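To keep things clear, I will list the structure first and then write my remarks on it.
Every read-out reported here was derived from the displayed coordinates using simple, explicitly stated rules and does not represent laboratory data. All values reported here derive from a predicted model rather than from experimental measurement. Cβ coordinates were reconstructed from backbone atoms using ideal geometry, including for glycine residues, and neighbour counts include every protein chain displayed.
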Amino acid sequence: MVVVILGVLAAVAVLAVTRFMGRGSLEAATTELHQAQTAIAACMADGGVARLDAAVPTPGWDGSAGVVQCTPVVGGTVYDAADSILGKQFKAGYIINIDGEIIGATLPATGAWSGIRWNAGLNGWEKIP
């Protein structure tokens, strides 16, 4: 009887931990997405422009310098979104249109979050059901 009770408690604990881990991945990915959006907006604001120099296609921007840039018509100073990022590169690659909007994302095969995917309809990350 005691073994059965311990088995049930273990099963409940495993389910709770699994749900917690999935939620943590989603929150981390969403935080990273917001950091990328903020860096792009800061770059465009610093340059005083409404458009980036170029869109960023797949595999996307991972926070590296020289990828997401804008140059004002007057002055010619190049502003780089990577200058607004604190810390290491992103886990995801963000696909960005010329207007600075993140329109997609890719995850590497390894080393990224588990249990989430990009939802184009929501334009953000979602937990895989």
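Take Ala81 and tell me if it is free of Cβ contacts under 8 Å to residues at least 60 places away in the same chain, surrounded by 13 or more Cβ atoms within 10 Å (Cβ to Cβ) and in contact with a helix residue (DSSP H, G or I) (Cβ under 6 Å, 6 or more places away or on another chain).
Numbers: free of Cβ contacts under 8 Å to residues at least 60 places away in the same chain: yes; surrounded by 13 or more Cβ atoms within 10 Å (Cβ to Cβ): yes; in contact with a helix residue (DSSP H, G or I) (Cβ under 6 Å, 6 or more places away or on another chain): yes.
For Ala81, the condition - free of Cβ contacts under 8 Å to residues at least 60 places away in the same chain, surrounded by 13 or more Cβ atoms within 10 Å (Cβ to Cβ) and in contact with a helix residue (DSSP H, G or I) (Cβ under 6 Å, 6 or more places away or on another chain) - is met.
State the number of residues belonging to the stretch 85-129 that are polar (S, T, N, Q) and farther than 17 Å from Asp62 by Cα.
First, pick out the residues of the stretch 85-129 that are polar (S, T, N, Q): 89, 97, 106, 110, 114, 119, 123.
Going one step further and asking which of them are farther than 17 Å from Asp62 by Cα, we end up with 114, 119, 123.
The total comes to 3.
Considering only residues that are in contact with a strand residue (DSSP E or B) (Cβ under 9 Å, 6 or more places away or on another chain) and among the acidic types (Asp, Glu), which ones fall in the stretch 80-104?
Asp80
Going by the conditions given, is Ile103 among the β-branched types (Val, Ile, Thr), at negative phi and either surrounded by 16 or more Cβ atoms within 10 Å (Cβ to Cβ) or assigned to a loop (DSSP other than H, G, I, E, B) (or both)?
Details: among the β-branched types (Val, Ile, Thr): yes; at negative phi: yes; either surrounded by 16 or more Cβ atoms within 10 Å (Cβ to Cβ) or assigned to a loop (DSSP other than H, G, I, E, B) (or both): no.
No.
Hey, among Glu126, Glu27, which residue is under 16 Å from the mean Cα position of the chain (by Cα), surrounded by 13 or more Cβ atoms within 10 Å (Cβ to Cβ) and assigned to a helix (DSSP H, G or I)?
Glu27
Taking Pro57 and the conditions (1) on the phi > 0 side of the Ramachandran plot; (2) touching a residue at least 12 places away in the same chain (Cβ under 8 Å), which numbered condition does it fall short on, given that it satisfies the others?
The failed condition is (1).
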